[in-house]
Amino acid sequence: MQDMRLQGLYGISESGWYKRPHEAIELLLEAIEGGMKIFQLREKEGSDEEILPLARALWNHCRQKGVLFILNDRLDLALSLGVDGVHLGIDDAEASRARILLPHGIIGISCYGDLDRAHKAKEEGASYVAFGSCFPSPTKPASSVIDLTLFKKAQEELAIPLCAIGGIEAQNAGELIHCDMIAVISSLWSGGVAQVRKNAKGLIQSWRENRERV
């Protein structure tokens, strides 16, 4: 049975937030007010020890607001904090290992444009799979852009929540009609604290309007 919490706007932090924790908390809270339902702390810099204070603070705010908190990559840190789950890429731990260590946790797996990888992830216990880049991405400019028809095929074959990622903004979110979550970095946080709530609402509105017509 699908986890019904895995729906909606999925915000992913920009790397380096641990160096500016007060702003990071403000950004998180504004995104939640704008309608974000899932948050992922994605830190490619810093050690677990450096990131721990921010991770704990953001997770506490997410718990208070009923928002899922996911850690990118750092499985050991996720285990020590007891957060809602982890998101793993191709160079990270296998879904099967994560499922053993997090028997009741959320496990997300990056599948890029690979439906076979998504099938394998599901068999190994993944809670959701992510496909992308959906559009040219400023975060990962070298990433290949996938054919968006992949989502419809995956929806028919997998019966597992699907997450779209990569280059998503209000102007193109409406094209993503066969996914359960839209994961956003740049276009959510652009403009800083004063703009984030508006960004979140705009992304959600654009995405939902088209999905409701399907």
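Please treat every number below as a calculation from the coordinates, not as lab data. Please read all numbers here as calculations on a predicted model, not as lab measurements. As a convention, Cβ positions derive from the backbone with ideal geometry for all residues, glycine included, and neighbour counts pool all protein chains shown.
What helices does the chain hold that run 24 Å or longer along their axis, going by alpha-carbon atoms, with a Kyte-Doolittle average of -1.0 or more, using DSSP H for the helix calls?
Numbers: long enough: 48-65 (25 Å, -0.78); 193-211 (28 Å, -1.08).
In the chain, the long hydrophobic H runs are 48-65.
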| Contour excess over end-to-end distance, with Cα ends at D76 and A142 and 0.36 nm allotted per residue | 20.9 nm
| remark: Answer in debye to the nearest 20: the dipole magnitude of segment 101-214 about its Cα centre, from +1 Lys/Arg and -1 Asp/Glu charges placed on Cβ, is 400
| request: Determine how many Å³ per residue the convex hull of the Cα atoms of segment 131-214 encloses. | output: 85
| Any idea what the relative contact order of the chain is, in percent, if you count C-alpha pairs under 8 Å spaced at least 6 apart? | 21
| query | Put a dot 7 Å past each Cα toward the Cβ at R20 and D3; how far apart are the dots in nm? | reply | 3.0
| message | What are the extents of the Cα atoms of segment 62-205 along their three principal axes, in Å, largest first? | response | 39, 36, 27
| Semi-axes of the equivalent ellipsoid for segment 18-84, Cα gyration tensor, largest first, Å | 19, 14, 9
| So which of K65/K198; K153/K198; K65/K201; K37/K122; K44/K152 end up more than 28 Å apart, counting from Cα to Cα? | K153/K198; K44/K152
| task | Using Cα positions and a limit of under 18 Å, work out the aspartates and glutamates in reach of K140, with same-chain residues fewer than 8 apart set aside. | result | E14, E43, E45, D73, D91, D92, D114, E169
| Summing -39500 (n - 2.57) over the DSSP H runs of n ≥ 4 in the chain and dividing by its residue number, what mean residue ellipticity at 222 nm do you reach, to the nearest 500 deg cm²/dmol? | -12500 deg cm²/dmol
